[in-house]
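Asker: Mind looking over this structure? Questions follow.
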Amino acid sequence: MRDFDPDAIAFATGHFIAGSNIDGPGERISVTRPSDARTYADLPVASAELIDRAVEDATHTVKRSGWATQPPRDRARAMRRWAELIEAKSEELGRLEALGSTRPIAQAVTGDVASTAEGIRFFAEWADKLGGDVAATRADHFGMIVSEPYGVVGAITPWNFPLSMASWKVGPALAAGNAIVLKPSELTPFSTVRLAELAVEAGIPPGIFNVVQGTGAVTGDALSRHPGIAKLSFTGSTRTGIAVMKAAAETGIKPVTLELGGKSPQLVFADADLDKAADCIASSLLANAGQACVAGSRLIVQRQATDTLVSALLARLSRIAPGPTWKSSTGFAPIISEIQARRIDAILARSRAQGAEVLLGGGRIEGHGGAFYQPTLLAGVDTDTAAVREEIFGPVLTIQSFDTEEEGFALADHPEYGLAAGVYTSDLGRGLRAVRQIKAGTVWINRYNRTLDFILPTGGYKSSGIGKDLGRQAVEANLRHKTVLIDIGA
Ligand code: NAD
């Protein structure tokens with residue numbers, strides 16, 4: 001991967017509705033690059049009227065284009081062509097992703113873009129494998145459960161992995177035969193539009209994948225409460241998820257999928273391969289500088305292994321390569337914004353006041369235009385410490401020790417969140433007991449983080465969410481089921 005000049009990248013700055021780039025009208029906001037804090041573009045904010053137009057266009061497109069009614073293999077073929085086009089444009093898409101987000105170019109091309117293409121391909125393969133059931137009924141009846149797309153679905157995505165988060169929403173929606181109106185984060189809005197343009201270039205009818213730009217308060221809210229959106233899928237913070245659910249409910253009834261925040265434990269037993277555990281924990285914390293929903297941000301380690309593991313982590317977390325996202329040598333991401341960096345400062349300050357002891361880091365990395373945060377290890381914490389309770393979304397790991405298995409399981413359980421958990425042990429029985437005990441949507445044993453196995457759904461327990469992205473479950477969530485009962489005579 002080569003370095004690139006961030007000022008030499010061209011991109012569309014507007015909405016993408018019915019296959020056309022629409023810039024404006026109305027309010028605009030400026031968009032800043034996290035790497036150097038420079039404003040590099042401005043963005044129109046879609047009003048409720050523009051959302052009306054996008055939803056209306058999408059509704060007509062679903063009826064006119066035959067997207068839902070064509071032979072499903074044709075739908076799959078168009079989506080596969082789209083995936084190929086994404087791969088063919090991986091350098092261009094990767095630069096656009098790296099330009100305005102926290103994703104370093106070296107990871108954006110081979111990681112984010114590659115997995116976006118592969119995710120679209122995964123969902124394309126479902127298009128002609130969907131169907132319903134024949135139900136057991138009395139002999140003079142014939143009962144069927146048929147699945148149907150919703151029509152127009154809505155999606156709202158966060159800033160941390162803009163392309164792959166969009167693909168998780170659009171892939172299953174389109175494979176199931178829906179059109180989608182998607183609002184990306186106003187902090188990282190542009191790569192999603194290019195993704196939608198490529199869909200049209202690949203032969204997906206214009207108006208099937210629409211992108212509306214804007215803030216959460218105006219555009220996200222209008223999309224959530226639009227009665228023409230038959231189903232809504234949201235990824236973002238728990239606080240916003242609550243607002244989205246409320247807004248959706250105020251204008252009718254629709255299913256809402258919520259992929260929300262996390263505070264995931266890394267539960268390490270003394271019988272584990274501690275070197276391997278340290279590798280997994282460090283790479284989870286360093287990935288996107290901790291700005292990942294599944295970041296394993298709470299180390300819970302058996303007392304006799306604590307010193308060894310903490311030394312191994314100190315060594316690994318000290319080897320970072322911060323820099324602008326457009327340099328190929330950059331391995332460690334900036335924090336998305338100064339506001340977010342100040343949030344991290346504030347949680348650390350409160351945690352210190354509560355007695356937390358900083359073993360590593362604890363502050364900013366200076367010398368870059370943007371906000372960069374040192375990998376930080378905090379000891380002397382308990383379940384009431386702010387850094388243990390609150391999702392930080394930065395490279396901060398808290399350390400708690402335990403003696404017995406029961407204590408370990410109890411500490412791993414977070415009162416609010418249940419997105420993911422890592423368990424490290426050489427005792428398979430203990431690993432499986434952990435799976436039963438930990439209330440989280442995903443439990444990884446002797447490894448951490450998602451793979452390209454898109455068949456594995458992802459989603460949270462408790463305040464980490466409702467429903468699943470990825471897997472068969474994500475496709476099914478984009479379909480509704482109709483019961484048919486036919487009198488076929490005696
Ligand atoms: P956020 O909640 O601030 O914003 C997410 C999206 O919601 C953005 O597009 C934003 O514009 C929009 N939004 C904001 N207010 C809104 C409102 N009132 N109505 C409708 N939409 C609104 O989250 P973020 O800071 O962009 O992302 C970080 C959060 O996302 C973290 O909490 C992280 O854990 C979570 N996340 C979860 C997953 C998952 O799979 N569970 C994946 C990635 C990120």
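The values are calculated or read from the model by the stated rules, or taken from the named source; none is laboratory data. This structure is a prediction, so every number in the text was calculated from the model and none was measured. Quick reminder, even Gly has a Cβ in these numbers, built from the backbone with ideal geometry, and neighbours come from all protein chains shown. To get the accessible areas, we keep the full protein, side chains included, count just its heavy atoms, and leave off ligands, DNA and RNA. Shrake-Rupley method; radii C 1.70, N 1.55, O 1.52, S 1.80 Å.
Asker: Considering the range 395-411 alone, what residues qualify as being in a helix (DSSP H, G or I) and crowded, with 19+ Cβ neighbours inside 10 Å?
Answerer: Selection gives GLY408, PHE409, LEU411.
Asker: Here's something else I'd like to know. Only one of these conditions is not met by ALA282: (1) open to solvent by 60 Å² or more (accessible area, probe 1.4 Å); (2) part of a helix (DSSP H, G or I). Which number is it?
Answerer: Going through (1) open to solvent by 60 Å² or more (accessible area, probe 1.4 Å); (2) part of a helix (DSSP H, G or I) one by one, ALA282 breaks only (1).
Asker: Pairs please, first residue from the range 197-213 and on the phi > 0 side of the Ramachandran plot, second anywhere and assigned to a loop (DSSP other than H, G, I, E, B) and surrounded by fewer than 23 Cβ atoms within 10 Å (Cβ to Cβ), Cβ atoms under 7 Å, 6+ apart in sequence or on different chains.
Answerer: If the second residue must be assigned to a loop (DSSP other than H, G, I, E, B) and surrounded by fewer than 23 Cβ atoms within 10 Å (Cβ to Cβ), the pairs left are GLY207/ALA18; GLY207/GLY19.
Asker: Only one of ALA272, ALA217, ALA243, ALA249 is away from the ligand (no atom under 11 Å from the Cβ), outside any strand (DSSP E or B), open to solvent by 10 Å² or more (accessible area, probe 1.4 Å) and without any contact (Cβ under 8 Å) to a residue 60 or more places away in the chain; which?
Answerer: ALA249
Asker: Filter the range 436-472 for residues that are charged (D, E, K, R) and within 16 Å of the chain's Cα centre (by Cα); which is least open to solvent (accessible area, probe 1.4 Å)?
Answerer: ASP469
Asker: Within the range 94-105, does at least one residue satisfy the condition of being open to solvent by 70 Å² or more (accessible area, probe 1.4 Å) and either of a type in the set (Gly, Ala, Ser) or under 30 Å from GLY323 (Cα atoms) (or both)? Working first, answer last.
Answerer: Restricting attention to the range 94-105, the residues satisfying the condition of being open to solvent by 70 Å² or more (accessible area, probe 1.4 Å) are none.
Within the range 94-105 (the criterion being open to solvent by 70 Å² or more (accessible area, probe 1.4 Å) and either of a type in the set (Gly, Ala, Ser) or under 30 Å from GLY323 (Cα atoms) (or both)), the answer is no, since none of the residues qualifies.
Asker: While we're on this one: Would you be able to say whether some residue in the range 153-171 is of a type outside the set (Phe, Trp, Tyr), farther than 26 Å from THR102 by Cα, touching a residue at least 60 places away in the same chain (Cβ under 8 Å) and within 16 Å of the ligand (Cβ to nearest atom)?
Answerer: From the range 153-171, those of a type outside the set (Phe, Trp, Tyr) are 153-158, 160, 162-167, 169-171; that's our starting set.
If we keep only those that are farther than 26 Å from THR102 by Cα as well, we get 153.
Keeping just the survivors that are touching a residue at least 60 places away in the same chain (Cβ under 8 Å) gives 153.
Imposing the further condition that a residue be within 16 Å of the ligand (Cβ to nearest atom) reduces the set to 153.
Yes; the residues of the range 153-171 include at least one that is of a type outside the set (Phe, Trp, Tyr), farther than 26 Å from THR102 by Cα, touching a residue at least 60 places away in the same chain (Cβ under 8 Å) and within 16 Å of the ligand (Cβ to nearest atom).
Asker: Let me ask something else. For the range 225-236, indicate whether the set of residues that are near the ligand (Cβ under 8 Å from one of its atoms), outside any strand (DSSP E or B), closer than 13 Å to GLY465 by Cα and in the same structural domain as LEU470 (by TED's automatic domain parsing) is non-empty.
Answerer: Yes, some residue in the range 225-236 is near the ligand (Cβ under 8 Å from one of its atoms), outside any strand (DSSP E or B), closer than 13 Å to GLY465 by Cα and in the same structural domain as LEU470 (by TED's automatic domain parsing).
Asker: It is to be established whether one or more residues within the range 20-36 are hydrophobic (A, V, I, L, M, F, W, C) and out of contact with any strand residue (DSSP E or B) (no Cβ under 7 Å at 6 or more places or on another chain).
Answerer: no
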